[in-house]
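Visitor: I have a structure here, written as structure tokens, and I will follow up with some questions on it.
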Amino acid sequence: MKKVGALAIAVMVGASVFSFGDLASASPNEPYVGQIVKMQPGFSGDQVVKEAERVAKMQHRTKEQVLKQMYTELKKDYDQGKKEEKAIGGLGNSDGDYKIRAGKKGDIYYTDSKTGGVNHGHVGMYLKSNVFVESTPDKKHPKLDGVHRKYIYNRTVRKGAIEQRVKVSKSKRYSALKWADSRVSKDKYSNNFSTNRLTSHYGKKNCSKLIWSAYKLKAKIDLDKDKGAGVYPRDIRDYKKVYKIKTIAYK
């Protein structure tokens, strides 16, 4: 979903940590809505229901079926995030403590990222060796809310952050990068990861939607590992045609 900081994957918003027991005890007006909201911070219950209704109509399914799918995919990613967070000794609730190394134009970077107690991860693209194009929320600075460029000197990451490359031709990588950069200052941030595969390529989007759309449109490749309703930062990181170049986090 920094899936960023709010699910984008990397401006992070601090909030209290909750356990899955808290998720299970939620009592939404609709099935799964309360749990979805807690695993997707920043997206309200009303927004969840409205999005489920939109997708249900589009796919000729019931709203309940869509809500169940949203919940199931979010829960899978939530559990994976908790497992990975534990493996590196926790994340806290602020930006990472590590600096980030320069990378190659067109490559992707992944870092763990946490919002509202949820480790959703974050992805961005190297526009140049020292500049990213990415999508993160920033209510204090509207010009930086959504798709923007950022120098690596102004970005911190988590332990284990990596640079990756998509197994396509350089021309296709650059074409995808050019498209992502064309969305700078045009597309605001969206907290919705659970159905972001089913939203427009143009308009509000989070970090993983930006990368996914760029490659889908310009390289004709679907970087979503499980091809669910939502594409999350770890779906891109773990896709079979995306491979690690190097670890980029350093003190």
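Visitor: Considering only residues that are closer than 17 Å to C207 by Cβ and either in contact with a Leu (Cβ under 8 Å, 6 or more places away or on another chain) or crowded, with 18+ Cβ neighbours inside 10 Å (or both), which ones fall in the stretch 169-183?
Guide: Those that are closer than 17 Å to C207 by Cβ and either in contact with a Leu (Cβ under 8 Å, 6 or more places away or on another chain) or crowded, with 18+ Cβ neighbours inside 10 Å (or both): A176, L177, W179, A180, D181, R183.
Visitor: Something else: Given the criterion open to solvent by less than 20 Å² (accessible area, probe 1.4 Å) and farther than 22 Å from K143 by Cβ, identify the matching residue among L210, L198, L223.
Guide: Unique residue meeting the criteria: L223.
Visitor: Looking at V123, V118, V133, which is the one that is touching a strand residue (DSSP E or B) at 6+ places or on another chain (Cβ under 8 Å), open to solvent by less than 10 Å² (accessible area, probe 1.4 Å), among the aliphatic types (A, V, I, L, M) and within 27 Å of K76 (Cα to Cα)?
Guide: V123
Visitor: Can I ask one more? Any idea how many residues of the stretch 129-140 are outside any loop (DSSP other than H, G, I, E, B) and modelled with pLDDT under 90?
Guide: Looking only at that region, the number is 0.
Visitor: Is it the case that K205 is open to solvent by 40 Å² or more (accessible area, probe 1.4 Å) and modelled with pLDDT of 95 or more?
Guide: So K205 does not fit the description; no.
Visitor: For the stretch 150-168, what are the residues that are under 18 Å from the mean Cα position of the chain (by Cα) and either under 15 Å from I100 (Cα atoms) or crowded, with 24+ Cβ neighbours inside 10 Å (or both)?
Guide: Correct list: K150, R155, T156, V157, R158, K159, G160, A161, I162, E163, Q164.
Visitor: Which members of the stretch 105-115 meet the condition of being at negative phi and surrounded by fewer than 23 Cβ atoms within 10 Å (Cβ to Cβ)?
Guide: K105, D107
Visitor: Just checking, how many residues over the stretch 77-104 are within 14 Å of G117 (Cβ to Cβ) and either open to solvent by 50 Å² or more (accessible area, probe 1.4 Å) or at pLDDT below 85 (or both)?
Guide: Counting residues in the stretch 77-104 that are within 14 Å of G117 (Cβ to Cβ) and either open to solvent by 50 Å² or more (accessible area, probe 1.4 Å) or at pLDDT below 85 (or both) gives 8.
The values are calculated or read from the model by the stated rules, or taken from the named source; none is laboratory data. Source: prediction; values computed, not measured. We place every Cβ from the backbone using ideal geometry, glycine too, and count neighbours over all the protein chains shown. Keep in mind that these areas ignore ligands, DNA and RNA; they rest on the heavy atoms of the full protein, side chains included. Shrake-Rupley method; radii C 1.70, N 1.55, O 1.52, S 1.80 Å.
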